[in-house]
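All remarks here apply to the structure that follows.
The values are calculated or read from the model by the stated rules, or taken from the named source; none is laboratory data. Please read all numbers here as calculations on a predicted model, not as lab measurements. Every residue, glycine as well, gets a Cβ built from its backbone with ideal geometry; the counts of neighbours run over all protein chains shown.
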């Protein structure tokens, strides 16, 4: 055991970190589709964030900084518990979680399932952009990859989603119209 | 952007994500006016983007602390310094002695030790360090309190049906009444949802989440150590 450092954390900083709990959970869940693991990852991220508050130079970048910590927490989790998911290759689908099964919207459940089928790197990029509205440059910083990689992963992810989802979405819309 | 060349998927994505500069944005809008296929593709991308956003709109953290507890985060204005020890490192004797000396120099009234893994080296190191710390404090006549907070797979060490450390934990607790074991309720709930019956060792208390317990103790000026 070694003491790594002492730090002071202001109440304001803690409050700002707390505000990010839900967005972090949403992202974590969209990456792993495991509610329990998402809860753990978010707790871990917030603790690490508090512990490393002094490393955040630009307070305006708090959210992106926490997302980067979250990405590292997920990486650490995979490293310690199972072989790391390939970042950019096709992955077999995970089993649908009970939470996903209970999602009221069939479409939402299907979208989650298709996101889950994406390789981790594509999944992370598309959710950072679509769920949290990060710019490509910010996503590159969060995931520590070049912006070109962000764009190509996003492109592949959306193409895969387009192929798998647009037909399904159209069928759902037709169903709704016929009910009306 | 050339009118003749096909608009790449990257460019279309950048358009729907608001990543184009003004000139490219304008050029693409003009192009869409005359290109039905492009309009349809961009429309699909927008739809996809909305579908992804909607699919996770209801995702909320489970076991989020009640609002009253969460407000506690914002009430820590009086906290001047929080001491954090970011990790148990090697088992090297010199380092451990150094760490014990460092801890003796910390004017904290408590130590919260977070165990999030059931891996042997993590748990053994944590328990060794806690025992050293408690013994040193007793020898020095210092009144301290120590909490071991377990979550994730670390909860296993506090489970009656799983723990291979029950005797050791019981012995420590008997020797040091100022040592408390705290289990993460959220982790236990998760196990129960999966049909696992969770029975804790005698004398183990629950906290809503490990994070809430750790933050509560940090607010009180305790030292936080991640095992």
Could you go through the stretch B:123-141 and let me know if any residue there is over 18 Å from residue B:205 (Cα atoms) and outside any helix (DSSP H, G or I).
yes
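Yes or no, residue by residue, for (1) modelled with pLDDT under 95; (2) over 14 Å from the mean Cα position of the chain (by Cα); (3) over 23 Å from residue A:36 (Cα atoms); (4) crowded, with 18+ Cβ neighbours inside 10 Å:
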site: A:102; (1), (2), (3), (4): yes, yes, no, no
site: A:106; (1), (2), (3), (4): yes, yes, no, no
site: A:146; (1), (2), (3), (4): no, yes, yes, no
site: A:151; (1), (2), (3), (4): no, yes, yes, yes
site: A:173; (1), (2), (3), (4): yes, yes, yes, no
site: A:176; (1), (2), (3), (4): yes, yes, yes, no
On the given criteria, is residue A:78 within 13 Å of the chain's Cα centre (by Cα) and either closer than 19 Å to residue A:116 by Cα or at pLDDT below 85 (or both)?
no
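To keep it simple, each residue is scored yes or no on (1) touching a strand residue (DSSP E or B) at 6+ places or on another chain (Cβ under 6 Å); (2) facing another protein chain (nearest Cβ under 9 Å); (3) touching a residue at least 24 places away in the same chain (Cβ under 8 Å).
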site: B:147; (1), (2), (3): yes, no, yes
site: B:152; (1), (2), (3): no, yes, yes
site: B:158; (1), (2), (3): yes, no, yes
site: B:190; (1), (2), (3): no, yes, yes
site: B:201; (1), (2), (3): no, no, yes
site: B:208; (1), (2), (3): no, no, yes
site: B:215; (1), (2), (3): no, yes, yes
Selection status of residue A:160, more than 9 Å from chain B (Cβ to nearest Cβ), closer than 14 Å to residue B:9 by Cβ and more than 12 Å from the chain's Cα centre (by Cα)
yes
Is at least one residue of the stretch B:114-122 within 14 Å of chain A (Cβ to nearest Cβ) and over 21 Å from the mean Cα position of the chain (by Cα)?
no
Only listed residue being away from every other protein chain (no Cβ under 12 Å) and either modelled with pLDDT of 90 or more or closer than 21 Å to residue A:41 by Cβ (or both), chosen from B:165, B:224
B:165
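Yes/no per residue for (1) under 22 Å from the mean Cα position of the chain (by Cα); (2) closer than 29 Å to residue A:37 by Cβ; (3) modelled with pLDDT under 95; (4) in the same structural domain as residue B:214 (by TED's automatic domain parsing):
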{"residue": "B:93", "(1), (2), (3), (4)": "no, no, yes, yes"}
{"residue": "B:130", "(1), (2), (3), (4)": "yes, yes, yes, yes"}
{"residue": "B:137", "(1), (2), (3), (4)": "no, no, yes, yes"}
{"residue": "B:173", "(1), (2), (3), (4)": "no, no, yes, yes"}
{"residue": "B:186", "(1), (2), (3), (4)": "yes, yes, yes, yes"}
{"residue": "B:193", "(1), (2), (3), (4)": "yes, yes, yes, yes"}
{"residue": "B:197", "(1), (2), (3), (4)": "no, yes, yes, yes"}
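What residue, among those in the stretch A:46-60 that are more than 10 Å from chain B (Cβ to nearest Cβ) and assigned to a helix (DSSP H, G or I), is surrounded by the most Cβ atoms within 10 Å (Cβ to Cβ)?
At the first step, the residues of the stretch A:46-60 found to be more than 10 Å from chain B (Cβ to nearest Cβ) are A:49, A:54-60.
Now restrict to residues that are assigned to a helix (DSSP H, G or I): A:49, A:54-55, A:59-60.
Values: A:49: 24, A:54: 11, A:55: 10, A:59: 11, A:60: 8.
Of everything passing the filter in the stretch A:46-60, A:49 is surrounded by the most Cβ atoms within 10 Å (Cβ to Cβ).
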